[in-house]
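Q: Pasting in a structure now, in structure tokens, and then I'll have a few things to ask.
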Amino acid sequence: MARQRKTVREKGKLRLSRYFKKIDDGAKVAIVTERGVRASFPKRIHGMSGKILESRGKFKLVQIKDGNKMKTFIMHPVHLRLL
């Protein structure tokens, strides 16, 4: 389950290197919600891992397996960490 808030030392901070990071297509990533940036994807996918299919502008198409189905989400790289 996703944690609801940042710790006191992290509060209000957003590292620009994380915001503008480059991730190549085909890379394996973990989905970790950055609480400082508004995200419009379900909380249940927090912590899941997937594969980047392609880029759409600044955003990435991430394919994850949810149950028995493959689903595709469009999300900003600030919410993705390389595996």
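Readers should treat all values here as calculations from the given coordinates under stated rules, not as data from a laboratory. Computed from a predicted structure; not experimentally measured. Neighbour counts run over all protein chains shown; Cβ positions are idealised from the backbone, glycine included.
Q: When the residues of the range 21-65 are narrowed to those that are of a type in the set (Gly, Ala, Ser) and part of a strand (DSSP E or B), which ends up nearest to VAL8 (Cα to Cα)?
A: In this case the residue turns out to be ALA30.
Q: State whether one or more residues within the range 46-58 are surrounded by fewer than 14 Cβ atoms within 10 Å (Cβ to Cβ), free of Cβ contacts under 8 Å to residues at least 60 places away in the same chain, within 25 Å of ARG5 (Cβ to Cβ) and not small (Gly, Ala, Ser).
A: No: the range 46-58 contains no residue that is surrounded by fewer than 14 Cβ atoms within 10 Å (Cβ to Cβ), free of Cβ contacts under 8 Å to residues at least 60 places away in the same chain, within 25 Å of ARG5 (Cβ to Cβ) and not small (Gly, Ala, Ser).
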